[in-house]
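Bear in mind that the values in this text are calculations on the coordinates, not laboratory data. The model shown is predicted, which means the values in this text are computed figures rather than measured ones. Glycine gets a Cβ as well: all are built from the backbone with ideal geometry, and neighbour counts include every protein chain shown.
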Amino acid sequence: MIKIKFSKRQTKIIEIVKKHEPITGENIARMLDLTRGALRPDLAILTMLHILEAKPKIGYFYNKKDIDLNNKFLGRVKVNDLKSLPIVVTKNTKIYDAAVTMFVENVGTIFVVEDGILLGVISRKDLLKASIGGGKPADIPVGVVMTRMPKIIYCKDDESLIIILRKIVNNEIDCLPVVEDTKKGLKVVGRISKTNIISCLYDTLK
Ligand code: ADP
């Protein structure tokens, strides 16, 4: 078997695409502080080797061999068919109140927004960590403990279920914000959780 040795930059590109697929060449370039032109040869090589797959107007995907992006069911169901309403708080909300919101809304992940724009994600573990860290839950704002942009893994309405499954599995997370691009940033318009996905799969059995 021939082993391919990627350059440092190519390895970084693969990591970015794995995390953020589908992602445009412009956005990969931005994350690496390069111009789109400087990135073109690397993207061409990775696409030619079928490490990445390029879909016109959508962007680059990581091409894991055992995943069929066109799978009859998982490739056809879209985020838009699955998403539910997002539960949001602001960055000054205290972790005590965020925990209450999780119970009241019966969710395990909440999104932190400012004027509807995504700033962060708070999960059960984040709240637990903050609570056992010594501070008072009624005093600590979620802004201190949230996972923040640009680390957040998100999705958009037209992405397929297979891509969502891959994002959830690769990043070991339970929930993704559904966003729309706006001039101010990513506007949160929904949420996809493992629960959404399981109910969707269950519905197909009926
Ligand atoms: P839980 O804490 O309930 O087990 P997760 O496994 O989803 O939930 O969260 C684990 C960590 O991943 C937390 O620190 C959380 O902030 C972070 N996280 C959760 N969802 C996302 C996401 N969509 N993007 C990036 N990080 C996330």
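Centre-to-centre separation between the Cα atoms of the range 118-158 and those of the range 10-58: 29 Å. The fewest-to-most ranking of Val179, Val100 by surrounding Cβ atoms within 10 Å reads Val100, Val179. Among the GluC sites (Glu not before Pro) in the range 152-206, those located in a DSSP loop and surrounded by at most 13 other Cβ atoms within 10 Å of their own Cβ are Glu172. Counting only Cα atoms, the range 134-206 measures 48, 34, 21 Å along its principal axes, largest extent leading. For the chain, taking the reciprocal of the average inverse distance between every pair of different Cα atoms yields a Kirkwood hydrodynamic radius of 18.5 Å. Place +1 on the Cβ of every Lys and Arg and -1 on the Cβ of every Asp and Glu in the chain, take the dipole about the Cα centre, and give the residue among Ile162, Ile51, Thr195 whose Cα lies farthest towards its positive end. Positive-most Cα among the choices belongs to Ile51.
Relative to one another, the C-alpha centroids of the range 103-117 and the range 183-206 are positioned 14 Å apart. When DSSP beta bridges are restricted to pairs lying wholly in the chain, around 90% turn out antiparallel. Structure shown: which of Lys5/Lys78; Lys19/Lys184; Lys8/Lys78; Lys8/Lys156 lie over 25 Å apart, alpha-carbon to alpha-carbon? Where the Cα-Cα span goes over 25 Å, the pairs concerned are Lys5/Lys78; Lys8/Lys78; Lys8/Lys156. Considering only Thr35, Ile152, Asn171, the residue lying farthest towards the positive end of the dipole of the chain is Thr35, judged by Cα position with unit charges set on Cβ. Between the beta carbons of His50 and Thr182, assuming R0 = 25 Å, the FRET efficiency works out to 0.15 to the nearest 0.05. Taking a straight Cα-Cα cut-off under 23 Å and skipping sequence neighbours fewer than 8 places away in the same chain, the lysines within cross-link reach of Lys129 are Lys91, Lys94, Lys151, Lys194. Quick note on the range 1-114: its Rg to Rh ratio, both from C-alpha atoms and Rh being the Kirkwood radius, is 1.11. With a Förster radius of 25 Å applied to the C-beta separation of Phe103 and Val144, the computed FRET efficiency comes to 0.75. Compactness of the range 50-169 was expressed as the Cα radius of gyration divided by 2.2 N^0.38 Å, which yields 1.28.
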